[in-house]
1. Could you pull out the trypsin sites (Lys or Arg not before Pro) across the stretch 1-66 that fall in loop regions by DSSP (anything but H, G, I, E, B) with no more than 14 other Cβ atoms inside 10 Å?
2. If you take the charge dipole of the stretch 1-119 about its Cα centre, with +1 on Lys and Arg Cβ and -1 on Asp and Glu Cβ, which of Ala59, Gly31, Ala105 is farthest toward its positive end?
3. What does the helix-only formula give at 222 nm for the chain: each DSSP H stretch with n ≥ 4 adding -39500 (n - 2.57), the total divided by the residues, and the result rounded to the nearest 500 deg cm²/dmol?
4. Starting from the Kirkwood Rh over alpha-carbon pairs, what translational D in µm² s⁻¹ does the stretch 96-140 have by Stokes-Einstein at 4 °C and 1.567 mPa s?
5. Assuming R0 = 41 Å, what is the FRET efficiency of Thr166 and Ser21, from their Cβ-Cβ distance, to the nearest 0.05?
6. For the chain, what % of the accessible area comes from carbon and sulfur atoms, probe 1.4 Å?
7. What whole-number value in Å² describes the accessible area per residue of the stretch 15-157 for a 1.4 Å probe?
8. Only Lys, Arg, Asp and Glu count, each charged at its Cβ (+1, +1, -1, -1), so figure out the dipole size of the stretch 1-139 about its Cα centre, rounded to 20 debye.
Amino acid sequence: MPIVTSELPPDAVDAVRRAVSATQRFPRRRGGALSLSSPHPIFTVALERLAAGDRPLEAAELVGWRALLEENKQVVAAVELPGAEPGKAGALVNRGAFVQSTIAALTMAERHKRVASERVELRLLRVNALYLLALWLHAAEGVDDLFVPLAPAPAPLLADTAYERTGFEAELSEMARSVVALYRAAERPDELGS
């Protein structure tokens with residue numbers, strides 16, 4: 001089965017058009033055809049909730065939307081729409097490394113045996129304090145979700161590798177506990193970064 005993606009509302013598409021136009025970088029070639037693909041919601045989880053364990057992904061909050069920007073059917077950027085209502089807060093265009101990493105992770109995910117046989121919804125999980133972005137393949141039938149970290153993935157996670165929800169949550173919780181312990185032990189936690 002194909003990975004299920006969401007539809008962006010008209011306000012979001014208008015915000016994307018304005019952001020892309022403002023960059024003056026797209027289309028890159030005269031007459032290039034621009035389109036959006038793979039729209040998906042972005043979720044985040046607080047570091048403290050991850051550190052506490054106990055199914056922390058159930059506390060994931062919707063913080064925005066993301067789609068891939070294509071020119072002549074080639075992905076050239078990602079577009080992010082912050083906030084729970086896509087398009088209300090504008091849009092951001094990103095041409096960074098996570099764009100190509102998203103393509104690699106999606107390609108790997110599409111070949112996964114569970115994705116071939118189950119209906120999964122495409123999401124993105126962002127945990128800033130762990131420097132983590134991961135595709136979140138949310139299972140519709142109540143079975144375990146799959147997660148595919150984007151490169152560069154924070155150790156001990158591996159990029160472009162599928163993780164079952166239980167193991168992924170355990171790794172995230174352990175990583176979060178380590179970061180929280182560093183903050184608590186630091187004389188000047190504000191100098192550790194975010």
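The values are calculated or read from the model by the stated rules, or taken from the named source; none is laboratory data. The shown structure was predicted, so the numbers you read here are calculated from the model rather than taken from an experiment. All Cβ positions, even for glycine, are placed from backbone atoms using ideal geometry, and neighbour counts span all protein chains on display. Surface accessibility is based on the protein's heavy atoms, side chains included, excluding ligands, DNA and RNA. Shrake-Rupley method; radii C 1.70, N 1.55, O 1.52, S 1.80 Å.
1. Those satisfying the criteria are Arg25, Arg28, Arg29, Arg30.
2. The one lying farthest along the dipole's positive direction is Gly31.
3. Value at 222 nm, helices only: -10000 deg cm²/dmol.
4. It comes out at roughly 114 µm²/s.
5. Once the sixth-power term is evaluated, E becomes 0.40.
6. Of the solvent-accessible surface of the chain, carbon and sulfur hold 51 percent.
7. Per residue, the stretch 15-157 has 49 Å² of solvent-accessible surface.
8. 620
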